[in-house]
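The values are calculated or read from the model by the stated rules, or taken from the named source; none is laboratory data. All values reported here derive from a predicted model rather than from experimental measurement. Heads up, the Cβs are rebuilt from the backbone with ideal geometry, glycines too, and the neighbour counts pull from every protein chain shown. To get the accessible areas, we keep the full protein, side chains included, count just its heavy atoms, and leave off ligands, DNA and RNA. Shrake-Rupley method; radii C 1.70, N 1.55, O 1.52, S 1.80 Å.
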Amino acid sequence: AFHRAISINPQNADAHYNLGVLLRKQGHLNDAVENYIKVIAIQPNYINAHYNLGNILKELGRLEEATASYQTVLSIQGDHIEARNNLGTVLQDLGRPEDALEIYRGALEIKPEYAEGLTNFGNALQDLERFEESITSYTKALKIQPGNARTHCNLGKAYEELGQLNEAIKSLRMALSLTPNYAEAHCNLGAVYKGMGQVEKSVKSFRNAV
């Protein structure tokens, strides 16, 4: 139906956009990218096209291009919280944690109770080895969203970095109670046990991770 609409009117931005959504669902990411580019050529301020394009480019590992897409979204709509959050994660992947920190800070100014933003803010702080501050951010996130295994896992890693190994174990076990097959949490728990000299528990955790 979308192809028919486009054949009737090649300048139909919505048809190109909806086709892009469908192509992404079908796993045709590069074709979806081409459709979103067509949408933007027809309608330069089509926010959802820029945002979805950024998401696919991020998924494809085209991080600099994804950054540009998210920045365009924010130039059109500065309070687009998801674009701001995703831009932060891309900047972290690019090895720019200080820039990511500022982006997350902006997201939290818009929405202070944004659990995902608080977790990502904590991740950027960890990248900068500001572990105590990261623990504060993770703790705030868990008050809002206590069932987030990823946040518990990252909190455990921060405690480990500070040498607070019993607290690290509590957080990592909580992550695993929520998501038993969480490989990263098993691996981190193995590292904590290894640091405590508990070899058998360490080996078991590493095997679970594998």
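Quick look at the numbers
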read-out: Matching residues in segment 82-110 - criterion: being surrounded by fewer than 23 Cβ atoms within 10 Å (Cβ to Cβ), farther than 18 Å from Gly61 by Cα, in contact (Cβ under 8 Å) with a residue 24 or more places away in the chain and of a type in the set (A, V, I, L, M, F, W, C); value: Leu101, Ile110
read-out: Of residues in segment 175-210 being aliphatic (A, V, I, L, M) and touching an Asp or Glu at 6+ places or on another chain (Cβ under 9 Å), the one farthest from Leu155 (Cα to Cα); value: Ala209
read-out: Residue, farthest from Asn148 (Cα to Cα), within segment 180-198, restricted to residues that are touching a helix residue (DSSP H, G or I) at 6+ places or on another chain (Cβ under 8 Å) and open to solvent by 90 Å² or more (accessible area, probe 1.4 Å); value: Lys194
read-out: Any hit, segment 34-48, residues being open to solvent by 80 Å² or more (accessible area, probe 1.4 Å), closer than 15 Å to Gly20 by Cβ, in contact with a Pro (Cβ under 9 Å, 6 or more places away or on another chain) and in a helix (DSSP H, G or I); value: yes
read-out: From the options Ile103, Ile110, Ile81, residue that is of a type in the set (Val, Ile, Thr), under 24 Å from Leu142 (Cβ atoms) and touching a Phe, Trp or Tyr at 6+ places or on another chain (Cβ under 8 Å); value: Ile81
